[in-house]
1. Can we say GLN89 is at pLDDT below 90, surrounded by 11 or more Cβ atoms within 10 Å (Cβ to Cβ) and either more than 29 Å from VAL132 (Cα to Cα) or not aliphatic (A, V, I, L, M) (or both)?
2. Would you mind listing the helices (runs of 4 or more DSSP H) fully within the range 1-92 where at least 3 residues are without any contact (Cβ under 8 Å) to a residue 60 or more places away in the chain and more than 30 Å from LEU208 (Cα to Cα)?
3. Among the residues of the range 182-209, count how many are in a helix (DSSP H, G or I) and either more than 14 Å from TYR163 (Cα to Cα) or of a type in the set (S, T, N, Q) (or both).
4. Can you tell me which residue among THR190, THR169 is of a type in the set (S, T, N, Q), touching a strand residue (DSSP E or B) at 6+ places or on another chain (Cβ under 9 Å) and modelled with pLDDT of 95 or more?
5. Would you check if there is a residue in the range 157-176 being in a loop (DSSP other than H, G, I, E, B) and of a type in the set (A, V, I, L, M)?
6. Of everything in the range 111-158, what is on the phi > 0 side of the Ramachandran plot and at pLDDT 95 or above? Give them in sequence order.
7. Among the residues of the range 187-214, which ones are out of contact with any Phe, Trp or Tyr (no Cβ under 6 Å at 6 or more places or on another chain) and in contact (Cβ under 8 Å) with a residue 40 or more places away in the chain?
8. Taking the conditions exactly as written (modelled with pLDDT under 80, surrounded by 13 or more Cβ atoms within 10 Å (Cβ to Cβ) and more than 14 Å from the chain's Cα centre (by Cα)), does ALA41 satisfy them or not?
Amino acid sequence: MTSMNSSVRGTARLIGAGLRALLALTVVCGVLYPLAVTGIAQAAFHDKANGSEVTSGGEVVGSEIVGQRFDLAKKDKDGNPLPDPRYFQPRPSAAGTNAYNTQYSIIVSGASNLAADSKVLKQTVIDRRKQVAAFNRVAPSRVPVDAVTASGSGLDPDISPAYATLQVTRVAQANGVARDQVARLVKDHTDGRQLGFLGEPRVNVLKLNIALTRLVQR
């Protein structure tokens, strides 16, 4: 009987110790640590911690690190969105679609997973080159690579200076402004390589279009 009582007390102590450890770890790891990390992030990296939001006219219009298209309200006969000629367009995306962010999905991220020798990928690139060339009224040979290929994430917010420059004439004509003014916007919004040697020069499409809107509204 004594042995049984000792066993019960020992089990009760173990259960009590386990519950205390669970409570302590829940408070430390589930409450204090997240609060500390959130506080540091908000204090030291406020913009990044909140999704690198971009505002215009006092409203959030997108994220600096998530690409988005700029389409007309109407669609083609197949129900596909039509790009708005008044704005700079981003890279194509294989990330999927949703009702709020046409082509670029903030929920689904990924590439097409097509191999480099895929016939489907090859034909897709050929079709995209024709579309981009026709939309911008240039020869297909002038269309840069990033205009016809999606990024690995499918959410790339940037385009190359070459692709931005390719769109300058079309954007200027559609908005009724001088070409050199639009070209200056592209130059002013071209970011160099990170740390001077990492990556390639790039243009953030959302920021460029916000600056374009301000130019047109003057």
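1. No, not satisfied.
2. Once the helices (runs of 4 or more DSSP H) in the range 1-92 are filtered for at least 3 residues that are without any contact (Cβ under 8 Å) to a residue 60 or more places away in the chain and more than 30 Å from LEU208 (Cα to Cα), what remains is 2-27, 33-44.
3. 5
4. THR190
5. Among the residues of the range 157-176, not one is in a loop (DSSP other than H, G, I, E, B) and of a type in the set (A, V, I, L, M), which makes the answer no.
6. Scanning the range 111-158 gives a single hit, ARG137.
7. Answer for the range 187-214, where residues must be out of contact with any Phe, Trp or Tyr (no Cβ under 6 Å at 6 or more places or on another chain) and in contact (Cβ under 8 Å) with a residue 40 or more places away in the chain: GLU200, PRO201, ARG202, VAL203, ASN204, LEU206, LYS207, ILE210, LEU212, THR213.
8. Details: modelled with pLDDT under 80: no; surrounded by 13 or more Cβ atoms within 10 Å (Cβ to Cβ): yes; more than 14 Å from the chain's Cα centre (by Cα): yes.
Considered against the rule, which asks whether it is modelled with pLDDT under 80, surrounded by 13 or more Cβ atoms within 10 Å (Cβ to Cβ) and more than 14 Å from the chain's Cα centre (by Cα), ALA41 comes out as no.
The values are calculated or read from the model by the stated rules, or taken from the named source; none is laboratory data. Nothing here was measured: the structure is a model prediction, and the numbers come from that model. All Cβ positions, even for glycine, are placed from backbone atoms using ideal geometry, and neighbour counts span all protein chains on display.
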